[in-house]
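Just below is one structure, and these are the notes that go with it.
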Amino acid sequence: MVTQAASAGVGRDPVRAAAVLLLAGVLVTAIAGFLHPEGADANDHPAIFVIYAASHSWIAVHLGQFIGMAIITFGLVVLFFSLDAADGIALWLNRFALLSAGVALALYAVLQAVDGVGLKHAVDAWASAQPGDKAVRFDAAEAIRWLEWAVRSYHSFVFGLALIMFGVAIALLHRIPRPIGYLMTLSGLCYLVQGWIIGASGFSSANQIPTLLGIVLILAWTVWLLIAALRTKATTRHGTTTKARL
């Protein structure tokens, strides 16, 4: 009995590790996003480019966002192993979810290279250009901005797909509370909506609701996952102690 309980406790450790990584990644991303320069309509390029050019923390902020997403991806990798799907639909959903998470991280790296480095240098060049060169420099910065829309759109699609597949796998396997899988799936759907809106109209006001809802849902299921893992660990330890005394 003691051996079985101890094995159950070890089996829960990957879930706890995944939950810690996922929540940490969400928090790092949120903090970096909070520090992101704002102040004008993001689709009003002449106004927003002035703010971007004045920022001294731009590259660091976007590096922070990438680190946060990398931590989230590491958490999803650990989640893949903790789910340990043996066969059936759940097995393939788990595998495709892991693949999608890896592709999403690669796309996010490209996104932060374009946005965090390329766009910053382009708007700096535009802001410091001579009057005769302003128009050309602005066109170059705007082209990079449109490339940012494209990469962010496809990252949202792929990352959303990863969350949906992980969520459905969780719901099918019953090894983690099923409502966590449902919330994970809903957050993935929010990312799909974001991807469509960004691809069609950039950072328009129409994207505010799915973005906010996606943030709330991701925060909800990551916190719930951590609480569930910690409570299961505590229950397992209590059960181990009781059986040892018996």
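The values are calculated or read from the model by the stated rules, or taken from the named source; none is laboratory data. Nothing here was measured: the structure is a model prediction, and the numbers come from that model. In this analysis, Cβ positions are derived from the backbone assuming ideal geometry, glycine residues included, and neighbour counts consider all displayed protein chains.
Would you be able to say whether some residue in region 71-83 is surrounded by fewer than 16 Cβ atoms within 10 Å (Cβ to Cβ) and over 19 Å from the mean Cα position of the chain (by Cα)? There is no residue in region 71-83 that is surrounded by fewer than 16 Cβ atoms within 10 Å (Cβ to Cβ) and over 19 Å from the mean Cα position of the chain (by Cα). Against the list (1) touching a Pro at 6+ places or on another chain (Cβ under 6 Å); (2) more than 26 Å from ARG175 (Cα to Cα); (3) aliphatic (A, V, I, L, M), the condition ALA125 fails is (1). Restricting region 125-182 to residues that are among the β-branched types (Val, Ile, Thr) and closer than 30 Å to ARG231 by Cβ leaves a set whose member that is surrounded by the most Cβ atoms within 10 Å (Cβ to Cβ) is ILE170.
Against the list (1) under 22 Å from VAL77 (Cβ atoms); (2) part of a helix (DSSP H, G or I); (3) in contact (Cβ under 8 Å) with a residue 60 or more places away in the chain, the condition ASP124 fails is (1).
Quick one: count up the residues across region 14-23 that are under 13 Å from the mean Cα position of the chain (by Cα) and either without any contact (Cβ under 8 Å) to a residue 40 or more places away in the chain or closer than 9 Å to THR222 by Cβ (or both).
Residues flagged as under 13 Å from the mean Cα position of the chain (by Cα) and either without any contact (Cβ under 8 Å) to a residue 40 or more places away in the chain or closer than 9 Å to THR222 by Cβ (or both) within region 14-23 amount to 2.
Residues considered: ALA60, ALA70, ALA85, ALA54. Of these, the only one that is without any contact (Cβ under 8 Å) to a residue 12 or more places away in the chain and small (Gly, Ala, Ser) is ALA60. The sole residue among ILE67, ILE72, ILE59, ILE48 that is hydrophobic (A, V, I, L, M, F, W, C), out of contact with any strand residue (DSSP E or B) (no Cβ under 7 Å at 6 or more places or on another chain), at pLDDT 95 or above and closer than 30 Å to HIS174 by Cα is ILE72.
Tell me, yes or no, whether region 43-62 has at least one residue that is under 15 Å from the mean Cα position of the chain (by Cα) and under 19 Å from THR211 (Cα atoms). Lay out the reasoning, then the answer.
Within region 43-62, the subset under 15 Å from the mean Cα position of the chain (by Cα) is 62.
Now narrow it down to the ones that are under 19 Å from THR211 (Cα atoms): 62.
Yes, that holds for at least one residue.
Taking region 40-57 as the search range and keeping residues that are polar (S, T, N, Q) and closer than 17 Å to VAL117 by Cβ, which one is surrounded by the most Cβ atoms within 10 Å (Cβ to Cβ)? Restricting to residues being polar (S, T, N, Q) and closer than 17 Å to VAL117 by Cβ, the top hit is SER55.
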